[in-house]
Amino acid sequence: MVSKESIQQELERILASELFGGKKQAGKFLQYIVNETLEGRGERITQYGIAIEALGKPMDYCPTESPAVRVEAGRVRKLLEEYYASDCDSSQHTCQISLPVGGYTPAFKPVDSARAQWRRLGGKRVQSSGPKVYIACQSPASIRDDRLRNIIYKIRSSMPVMLGKLGTVQIALADPGFAFSYADHALEYAWRQHQAEFLLYSEAAWQSESPKLRYVLIHTLSREVVWSTEFMITNTEGDQLLDEMYARLVNEVFSLYQGVALSFWSRYWYRQASMPEAYQVLAAHVRFLQDEANDLSFNALWQVCQKRTRQYHDDALAHLHYAVACLYAYMLKADLSESLEELWQRQALAALELNPGNALAHAIFALNCYARGESELARVEIEIARKSNPLDIGCERLMATGLCALRAWDKSFRLLNDLAASIQEPSYPDPLRTVPCLYYFRRGRYIVHAATEAGFNDLGSWAQFGELVNHCRAGECKACVYSINQVVDRLQPAIGVGLQEYVWEEKRTSSVNLNNLNTLNSESIQ
């Protein structure tokens, strides 16, 4: 038991700390929930009460339209964890205040002297993570051309921010004053000084009197070149040019759903005798998505997420990927030992609160809101997800797939249309190509029938498929829904079909040239 006086004293110390000193909203939030709890009203703390009485929101504030309280709760939770993880004198603290995931009622417990000693000796909060990337650029001082020099300066300042939004990689920055011979010892330096598993190097050069940028990504442990490319620099404005380059870098290299860096990293560690525990969640997720999309790899992902979140309740990345795995479980109609509805809601909320501002966290929370019937809140969260990291196309594809699985056809089609319009040179098949089979992902009903020539022709062949795509591209969502309903009404349930058939269908349809789809018919294909 902790006395009321001890809690009040601890609250005063926290609010007076340097960490909380410049964060007035967080301080007011914490002070309100602690005082309400001490007055015996902890179980009645609501989002609306916090918004009005602590954060100064107007009386017409609507929690379903704004995630302000949930986001602030995530910040307060992280600040408290950081506060107690700092090298403060444990003798000053007779109790500890925390904010458990999933609610707004604080918890109070006596200080663990052994744990405080562990922190003073350098212990840190246990978190799942992904690989660290050492970002190095050519020295701007070596570039004579003003425009190229400015671009390199922008890359040095903006690339870490851009990659940091993904939440799947850690960033290590090169010392601006440190010069090295790239071929000789940059890889060794990246690993020994930063324990970075990847070196991402960019430089400016001239080719046929035209400026260009070169990128190369190297795995520091194996010395393998994982990815390299060149961008010709045109008269496009600098910021627009960087956005185009970063969009490609995110989706080709570091995307969870198709990034070559994460795929290489996951395969590398699965080939080793052992894998660091902090890597297991992300590596299992990447393996499931990119390498082995089957029931076995899904179960491995599920088990590692379950284990990590039970061991470390504040493991932000583990909760995030567990929430996404709940969506997969819903699609697959997985046989679970606990209620998926309750688990998904709990994990989606934890993911959002532990990862404030993360696009994937808002995306999975939006899908869970829609599954629970909170359509308006889902719409708001979808827009927040899209704005949080507009370069991450994979996040939008996840939302579109999830909305189809939840039978929100019109919303999914609008999202896919916006996504297709935003891609200048897609590095993967047009997402609209997979529309007819998205919902039947979980049982593979469309896929099984389309796998044979007779079944595919029975579903309308390429003429029907082209009609669906035309409806989608023209924004005629109702017509597309009607056409799909006509098609799937012909299907008989197929039991036991898993993810491998879905992946096969995506690969099979990707070989078709969508530009010629309108001219195809069943006779010409046959």
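Among the residues of the stretch 227-250, write down those that are at pLDDT 85 or above and buried (at least 20 other Cβ atoms within 10 Å of the Cβ).
Scanning the stretch 227-250 gives Leu249, Val250.
If you take the residues in the stretch 302-320 that are closer than 11 Å to Gln347 by Cα and without any contact (Cβ under 8 Å) to a residue 60 or more places away in the chain, which one is surrounded by the fewest Cβ atoms within 10 Å (Cβ to Cβ)?
Gln306
Being assigned to a helix (DSSP H, G or I), among the acidic types (Asp, Glu) and over 32 Å from the mean Cα position of the chain (by Cα) is the filter; apply it to the stretch 8-42 and report the residue that is nearest to Pro106 (Cα to Cα).
Glu36
Looking at Gly56, Gly49, Gly27, Gly42, can you tell me which residue is within 16 Å of Pro100 (Cβ to Cβ) and of a type outside the set (A, V, I, L, M, F, W, C)?
Gly42
Output the residue which, of all residues in the stretch 353-388 that are more than 12 Å from the chain's Cα centre (by Cα) and more than 19 Å from Ala408 (Cβ to Cβ), is surrounded by the fewest Cβ atoms within 10 Å (Cβ to Cβ).
The first filter runs over the stretch 353-388 and keeps only residues more than 12 Å from the chain's Cα centre (by Cα), leaving 353-354, 366-384, 387.
Filter again for more than 19 Å from Ala408 (Cβ to Cβ), leaving 353-354, 387.
Details: Glu353: 26, Leu354: 24, Lys387: 10.
Here the answer is Lys387.
Can you find a residue that is of a type in the set (Phe, Trp, Tyr), open to solvent by 20 Å² or more (accessible area, probe 1.4 Å) and at pLDDT 90 or above anywhere in the stretch 196-219?
No, the stretch 196-219 contains no residue that is of a type in the set (Phe, Trp, Tyr), open to solvent by 20 Å² or more (accessible area, probe 1.4 Å) and at pLDDT 90 or above.
So which residues in the stretch 24-58 are touching a helix residue (DSSP H, G or I) at 6+ places or on another chain (Cβ under 7 Å), at pLDDT below 90 and basic (Lys, Arg), if there are any at all?
Within the stretch 24-58, just Lys57 meets the criteria.
With the requirement that a residue be in a loop (DSSP other than H, G, I, E, B), acidic (Asp, Glu) and closer than 22 Å to Ala329 by Cα, what does the stretch 373-422 give you?
Glu374
Say we look at the stretch 26-57 and pick out the residues that are under 14 Å from Lys4 (Cβ atoms) and not charged (D, E, K, R); which of these is surrounded by the most Cβ atoms within 10 Å (Cβ to Cβ)?
Checked the stretch 26-57; the qualifying residue surrounded by the most Cβ atoms within 10 Å (Cβ to Cβ) is Val34.
Would you call Glu376 charged (D, E, K, R) and either touching a Gly at 6+ places or on another chain (Cβ under 6 Å) or modelled with pLDDT of 95 or more (or both)?
For Glu376, the condition - charged (D, E, K, R) and either touching a Gly at 6+ places or on another chain (Cβ under 6 Å) or modelled with pLDDT of 95 or more (or both) - is not met.
What about Ile97, is it closer than 26 Å to Ser3 by Cβ, buried (at least 16 other Cβ atoms within 10 Å of the Cβ), out of contact with any strand residue (DSSP E or B) (no Cβ under 8 Å at 6 or more places or on another chain) and modelled with pLDDT of 85 or more? Working first, answer last.
On the way: closer than 26 Å to Ser3 by Cβ: yes; buried (at least 16 other Cβ atoms within 10 Å of the Cβ): yes; out of contact with any strand residue (DSSP E or B) (no Cβ under 8 Å at 6 or more places or on another chain): no; modelled with pLDDT of 85 or more: yes.
For Ile97, the condition - closer than 26 Å to Ser3 by Cβ, buried (at least 16 other Cβ atoms within 10 Å of the Cβ), out of contact with any strand residue (DSSP E or B) (no Cβ under 8 Å at 6 or more places or on another chain) and modelled with pLDDT of 85 or more - is not met.
Restricting the search to the stretch 276-309, which residues are within 29 Å of Pro100 (Cβ to Cβ) and of a type in the set (S, T, N, Q)?
Gln280, Asn299, Gln303, Gln306, Thr309
Test each condition in (1) open to solvent by 50 Å² or more (accessible area, probe 1.4 Å); (2) charged (D, E, K, R); (3) modelled with pLDDT of 75 or more for Arg443 and report the one that comes out false.
For Arg443, the failing item is (3).
The values are calculated or read from the model by the stated rules, or taken from the named source; none is laboratory data. The structure displayed is predicted, hence computed values, not measured ones. Every residue, glycine as well, gets a Cβ built from its backbone with ideal geometry; the counts of neighbours run over all protein chains shown. In case anyone asks, the SASA skips ligands and DNA or RNA and just uses the protein heavy atoms, side chains included. Shrake-Rupley method; radii C 1.70, N 1.55, O 1.52, S 1.80 Å.
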